[in-house]
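The values are calculated or read from the model by the stated rules, or taken from the named source; none is laboratory data. Please read these numbers as outputs of a predicted model, since none were measured by experiment. Every residue, glycine as well, gets a Cβ built from its backbone with ideal geometry; the counts of neighbours run over all protein chains shown. Each accessible area value is taken on the protein alone, full model and side chains, heavy atoms only, with ligands, DNA and RNA left out. Shrake-Rupley method; radii C 1.70, N 1.55, O 1.52, S 1.80 Å.
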Amino acid sequence: MAGLELRGIRKDYGSTAVLKGIDLSIADGEFVVFVGPSGCGKSTLLRVIAGLETVTAGDISIDGAEVTRTAASDRGLAMVFQSYALYPHMTVHQNMSFALENMGIAKAEIAARVDRAARMLRLTDYLQRRPAALSGGQRQRVAIGRAIVRDPKIFLFDEPLSNLDAELRVATRKELAALHAEIGGTMIYVTHDQVEAMTLADRIVVLNGGRIEQIGTPLELYNRP
Ligand code: ADP
Ligand code: ADP
């Protein structure tokens with residue numbers, strides 16, 4: 001079956017249950033946004049999907065193949081973090097190409113992927129700069145570019161715009177929507193910003209206390225009579 005499937009996902013930290021049984025199916029190409037109060041488990045759920053946290057119970061499959069115990073690097077996904085996590089001593093080009101070199105991808109292919117991502121993100125003129133010489137918005141676009149060049153089936157975003165000022169947040173949000181329209185991957189996105197959720201999501205998942213409280217399209221969730 002195509003897409004991402006979560007079944008009965010539970011996550012405990014010590015004696016604290018943080019995820020209390022999450023069942024969720026996400027279709028290929030869907031843009032799904034996780035919202036909910038601070039501490040409800042949004043980041044934990046994203047990190048579980050990424051393979052950065054193990055689960056206490058439950059299983060995860062991608063396109064019908066179980067990945068519950070598969071390493072993060074073998075899940076075919078790419079994550080964009082809130083803090084840009086760029087390498088300060090590397091240029092923009094190196095930041096985007098580094099992981100691909102380690103994966104053994106051919107140089108010409110790497111160059112083509114970096115060029116394409118840079119064009120999409122309007123970074124072509126900045127490829128030889130280091131992160132310190134970029135604005136916050138440009139840095140976040142590099143972080144997004146680093147995910148795009150991996151050519152993942154699934155993108156994971158953990159509050160990617162929360163370090164940007166209001167104007168840049170709106171601009172970058174529009175770029176993300178355009179990006180999704182252009183490259184069409186599955187996008188799973190954590191935010192506590194309701195406007196981001198409403199404008200980006202095909203479907204919104206409202207978490208509360210480690211459970212799914214509501215799930216639906218923006219219209220279904222926020223426009224009810
Ligand atoms: P959200 O992203 O919705 O704000 P999180 O997933 O970050 O929530 O956290 C959910 C709960 O799990 C919080 O109560 C948090 O303190 C706890 N938590 C998160 N990570 C850890 C950890 N590594 N060890 C212990 N508790 C954690
Ligand atoms: P690698 O070069 O093998 O990807 P890294 O040190 O860059 O190793 O990353 C360590 C782990 O984090 C790996 O599992 C890798 O797949 C993952 N990782 C690194 N960057 C990203 C990213 N942008 N998106 C998703 N996963 C990432």
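Between 163, 208, 102, the GNM of the chain built on Cα springs shorter than 10 angstrom shows 102 fluctuating the most. If you take the alpha carbon atoms of the range 2-154 and fit the smallest convex hull around them, that volume is 137 Å³ per residue. The simple Förster model, with R0 at 22 Å and r as the Cβ-Cβ distance, assigns residue 215 and residue 182 a FRET efficiency of 0.25.
Here the sum of -39500 (n - 2.57) over DSSP H runs of 4 or more residues, divided by the residues of the chain, equals -10500 deg cm²/dmol at 222 nm, to the nearest 500.
Solvent-accessible surface (1.4 Å probe) assigned to residue 13 amounts to roughly 90 Å².
Between residue 38 and residue 171, the distance separating the two model label sites (each 7 Å from Cα on the Cα→Cβ line) works out to 2.8 nm. Placing dummy labels 7 Å off each Cα toward the beta-carbon, the span from residue 116 to residue 128 is 2.5 nm. The residue 73 and residue 27 beta-carbon pair, evaluated with R₀ = 30 Å, returns a calculated FRET efficiency of approximately 0.80. The accessible area of residue 16, taken with all protein chains in place and a 1.4 Å probe, comes to roughly 80 Å². Note on the chain: GNM, Cα springs under 10 Å; of 192, 89, 180, the largest mean-square fluctuation is that of 89. A full extension of the chain between residue 202 and residue 12 corresponds to an added length of 65.5 nm, given 0.36 nm per residue minus the alpha carbon distance. For residue 198, the accessible surface of its heavy atoms amounts to roughly 90 Å² (probe 1.4 Å, protein chains only, rounded to the nearest 10). When all protein chains stay in place and ligands, DNA and RNA are ignored, the 1.4 Å accessible-area order of 80, 170, largest first, is 170, 80.
Taking the chain as a Gaussian network of alpha-carbon nodes connected by springs under 10 Å, the highest mean-square fluctuation of the residues 202, 158, 12 belongs to 12. Seen against the Cα atoms of the chain and their longest principal axis, helix 166-183 is set at about 90 degrees. The Cβ shell under 10 Å around residue 87 holds other residues with a net charge of +2, Lys and Arg each +1, Asp and Glu each -1.
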